[in-house]
Amino acid sequence: MREIWAAPSGQPFVLAGSGTLAMDCAGANLVEPGDRVLVLSTGVFGDRFEDLLSRYGAEVDVIRAPVGETIDFEAVEAALASGDYKLMTATHVDTSTGVRVDAKRFGALGREHDLFTVLDGVCSVAGEEIKQEEWGLDVVLTASQKAIGVPPGLALLVVSQRVLCAWGKRQTRVANYYADWGKWLPIMASYEKRVPSYFGTPAVNLVCALDVSLGQILAEGMEERFERHRRFGRACRRAIAALGLGQVPTADEHAANTLTAPRYPKGVSGPDLLPRIREAGAILAGGLHPEIRSKYFRIGHMGATRPGDLLATVGAIEAGLHACGHSFEPGRGVSAAQSILFG
Ligand code: PMP
């Protein structure tokens, strides 16, 4: 995990639970009642932090990007200049919008203003480029089921020494029993020494799967893996554009490389299209963001995706669109994707 997160001195945590537990774990350990927190939200998962952190007594301010747009860092700088914040959170890729936030700038701002940064990397770790230590990020969290490529059920965090040091000086007890770093630190240390030790039963089957997957990720090489995701992201977005569909992110520069969020073309709805795509062989997700839920769908292409998976998916989308009466030149999407994949 330290290599994959690029955090050689970070402290990894592996807990049985989903990505929401990873968020909860960060919140429970970092927030004390009355702390001021700035949440940068680009969708549903950013908003989730507002609700979550306030339960631990944080006073939360939110900078919320309009749907499809990324964070305006000038607004963040202005807020940081006027507020006495302890912590700032961002969602690297918000899965509800397909928008990517500049995680490097986020980390740099945290350091500049001497506050702690939490990056929700559920839809980015091991897919989008992250250099946790170099970028000054204090907590980078994810879950097992996305670009890590393991079945759902593990919450994964890497925590900086800086934040652990501050955590050690808390005035109040961590209000979440299961997620308390104090319970898990000795367990993680024992795991590294291969010494048995117990606090809560680990999800051993998933930990074995994680071991295999982390090995595969490192064997591919991080830079190669980031580049593959960039290429796949570009190929998928080009394919969607070639079929005449718009996308939720308002600019290519802040569109995620781990998933694509196309808008339905005029006259085509989700209940018409998605089952037809499924019949043609690809299972895609519907919309999630409440403001635009019925207007778009989502294509995941992170982790162990191969070129054939992407081409088959674009082919299935073409078949679905054709069956719905959308007019386009057959093969244009596949051809646009191929031209990027061939480099
Ligand atoms: N953050 C992001 C960016 C996510 O995409 C998700 C899940 N889709 C979560 C947090 C929550 O993770 P989980 O569903 O595993 O609890």
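The values are calculated or read from the model by the stated rules, or taken from the named source; none is laboratory data. Everything numeric here is computed off the predicted structure, so don't read it as measured data. All Cβ positions, even for glycine, are placed from backbone atoms using ideal geometry, and neighbour counts span all protein chains on display. These area figures cover heavy atoms from the full protein model, side chains too; ligands, DNA and RNA do not enter into them. Shrake-Rupley method; radii C 1.70, N 1.55, O 1.52, S 1.80 Å.
One table, with the values for the structure above:
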item: Any hit, the range 8-18, residues being touching a helix residue (DSSP H, G or I) at 6+ places or on another chain (Cβ under 9 Å), open to solvent by 10 Å² or more (accessible area, probe 1.4 Å), away from the ligand (no atom under 16 Å from the Cβ) and part of a helix (DSSP H, G or I); result: no
item: For Lys183: the one exception among (1) among the basic types (Lys, Arg); (2) under 23 Å from Val31 (Cα atoms); (3) in contact (Cβ under 8 Å) with a residue 40 or more places away in the chain; result: (3)
item: Lone unmet requirement of (1) in contact (Cβ under 8 Å) with a residue 60 or more places away in the chain; (2) surrounded by fewer than 20 Cβ atoms within 10 Å (Cβ to Cβ); (3) assigned to a helix (DSSP H, G or I) for Ile240; result: (2)
item: In the range 199-235, the residues that are without any contact (Cβ under 8 Å) to a residue 24 or more places away in the chain and open to solvent by less than 80 Å² (accessible area, probe 1.4 Å); result: Phe199, Gly215, Glu220, Gly221, Glu227, Arg228
item: Filtered residue count, the range 107-124, keeping only those that are in contact with a helix residue (DSSP H, G or I) (Cβ under 7 Å, 6 or more places away or on another chain), in a loop (DSSP other than H, G, I, E, B) and crowded, with 24+ Cβ neighbours inside 10 Å; result: 1
item: Filter pass, Pro196 being within 16 Å of the ligand (Cβ to nearest atom) and open to solvent by 50 Å² or more (accessible area, probe 1.4 Å); result: no
item: Only listed residue being under 26 Å from His229 (Cα atoms), outside any helix (DSSP H, G or I), at pLDDT 95 or above and open to solvent by less than 40 Å² (accessible area, probe 1.4 Å), chosen from Gly68, Gly46; result: Gly68
item: Selection within the range 71-96 - in contact with a His (Cβ under 6 Å, 6 or more places away or on another chain) and either in a loop (DSSP other than H, G, I, E, B) or surrounded by fewer than 17 Cβ atoms within 10 Å (Cβ to Cβ) (or both); result: Ser96
item: Test: residue in the range 11-26 that is closer than 12 Å to Asp120 by Cα, under 19 Å from the mean Cα position of the chain (by Cα) and among the charged types (D, E, K, R); result: yes
item: Answer from Pro202, Pro196 - the residue that is in a loop (DSSP other than H, G, I, E, B) and either modelled with pLDDT under 95 or under 21 Å from Trp5 (Cα atoms) (or both); result: Pro196
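This table checks each residue for (1) farther than 19 Å from Thr42 by Cα; (2) surrounded by fewer than 24 Cβ atoms within 10 Å (Cβ to Cβ); (3) without any contact (Cβ under 8 Å) to a residue 24 or more places away in the chain; (4) not charged (D, E, K, R).
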| position | (1), (2), (3), (4) |
| --- | --- |
| Glu128 | no, yes, no, no |
| Gln132 | yes, no, no, yes |
| Trp135 | yes, yes, no, yes |
| Thr142 | no, no, no, yes |
| Pro151 | yes, yes, no, yes |
| Ala155 | yes, no, no, yes |
| Arg162 | yes, yes, no, no |
